[in-house]
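The values are calculated or read from the model by the stated rules, or taken from the named source; none is laboratory data. Keep in mind that this is a model prediction, so the values were computed, not measured. Cβ placement follows ideal geometry from the backbone for every residue including glycine, while neighbour counts extend to all protein chains displayed.
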Amino acid sequence: MQKSSDLKIYFAPLQESTDYIYRSAHARLFGGVDKYFAPYIVRQNDGTIKKSHLRDIQTSNNLGYPLIPQILAGNTADFVFLTKVLQDNGYGEINWNLGCPYPMVTNKGFGAGLLPHPDTIKAILEESLPQIHAKVSVKLRSGLTSHDDIIKVAGVLKDFPLSEIILHPRFAKQLYKESPDLEIYRNTVEILGSDLIYNGDIETIEDYNRLKGLFGNTTTWMIGRGILKNPFFPSVLKNLPVQDKAQKAKILRDFHDEMILGYSKLLSGNSHLLMRMEKFWSYFSFAFPDQHKTFKRIKKAANIAKYEIAVNENFQRFRYDEEDERSQNP
Ligand SMILES: Cc1cc2nc3c(=O)[nH]c(=O)nc-3n(C[C@H](O)[C@H](O)[C@H](O)COP(=O)(O)O)c2cc1C
């Protein structure tokens, strides 16, 4: 029987959601995450890296929690260039993205676009690893247009000294439709061993228990949207002490306030701020009793004053509903 202390939770990277402001606030207020992964950085056509990407991985913006930065690279030159930038910023481990499913990325031979080409993956690793000293982990999907790619790709990866391999067992063309294919995950464990890390659609304790029942030797689970929707989720899975409802409300409120303060310093103009906060609430509203109404209030807010009213109402209802629940279950 696995002890809960053996359980490791990794926070998956999501562009435009799990940026450094989000990650830092989450680590400080909720805990329970063993490693945070930054959304990918990429080299632009002119050879440079976007300022926003560099800001996101700058170590002074990411203090006090373990962060693994991620690269999106389709050739050796980009792989080595991006890894060296991260090494120069003090990172001893980087993650290679072989999973991004969007055609704009895959058509250029990046992300999941590399999965039908195991020989290219092999060549990039053979050429790059001797030129860098950071440890390399890989996060991948099971294929580009079908699950067929993963078997050959896993056969290549197993021969390299990779620190970790994380599999989201959907192929790219599926995007987020259908369920992750557990048979494919099982077949890949047979090639890569039980160190393989599972990712995909873990949003409830029931989801986790079902997967744990199927893959008893897997100890590390990567979760993205499940944590965005319930920031307490890692602590719940780890049986860490749970706060009462009033404390929970305060932590969620502190989290929100830290986010809006961080973004108001970063973004220019209230319309950008409101758009960013709407994105935040598209997941955060799931932590509230009536997700639909909670999010609708935020979406309707046309300016900052109305936004603040909507936020206050959401938190009031959170407390009210919780009190109501308590009086019904004394
Ligand atoms: C909007 C969005 C952005 C994402 N950005 C990245 C990224 O930058 N790098 C990456 O490896 N995966 C990215 N992902 C994939 C997630 O890390 C994760 O693999 C996926 O959401 C499945 O896990 P989940 O069901 O726990 O969310 C992104 C997913 C979404 C929905």
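Some points to look at:
- The residues on offer are Glu127, Glu206, and the sole one that is surrounded by fewer than 17 Cβ atoms within 10 Å (Cβ to Cβ), closer than 23 Å to Leu228 by Cα, at pLDDT 95 or above and in the same structural domain as Trp221 (by TED's automatic domain parsing) is Glu206.
- Test for Ser17: is it out of contact with any helix residue (DSSP H, G or I) (no Cβ under 8 Å at 6 or more places or on another chain), in the same structural domain as Leu196 (by TED's automatic domain parsing) and within 16 Å of the ligand (Cβ to nearest atom): no
- Condition met for Arg28 (more than 15 Å from the ligand (Cβ to nearest atom), assigned to a helix (DSSP H, G or I) and either out of contact with any Ser or Thr (no Cβ under 7 Å at 6 or more places or on another chain) or under 22 Å from Ile121 (Cα atoms) (or both)): yes
- Of the numbered criteria (1) touching a Leu at 6+ places or on another chain (Cβ under 9 Å); (2) free of Cβ contacts under 8 Å to residues at least 40 places away in the same chain, the one Gln291 fails is (1).
- Of residues in the stretch 32-64 being of a type outside the set (Lys, Arg) and in contact with a helix residue (DSSP H, G or I) (Cβ under 6 Å, 6 or more places away or on another chain), the one nearest to Leu274 (Cα to Cα): Asp56
- Helices (runs of 4 or more DSSP H) contained entirely in the stretch 197-264, each with at least 3 residues that are within 16 Å of the ligand (Cβ to nearest atom) and closer than 20 Å to Arg186 by Cβ: 205-214
- Inside the stretch 65-84, residues that are of a type outside the set (Asp, Glu) and either farther than 21 Å from Met222 by Cβ or part of a helix (DSSP H, G or I) (or both) make up a count of 10.
- Per-region count, the stretch 241-269, residues more than 19 Å from Glu313 (Cβ to Cβ) and exposed (fewer than 14 other Cβ atoms within 10 Å of the Cβ): 9
- The residues listed here are Val138, Val153; of these, the one that is crowded, with 20+ Cβ neighbours inside 10 Å, away from the ligand (no atom under 15 Å from the Cβ) and either in the same structural domain as Thr18 (by TED's automatic domain parsing) or within 20 Å of Pro118 (Cα to Cα) (or both) is Val153.
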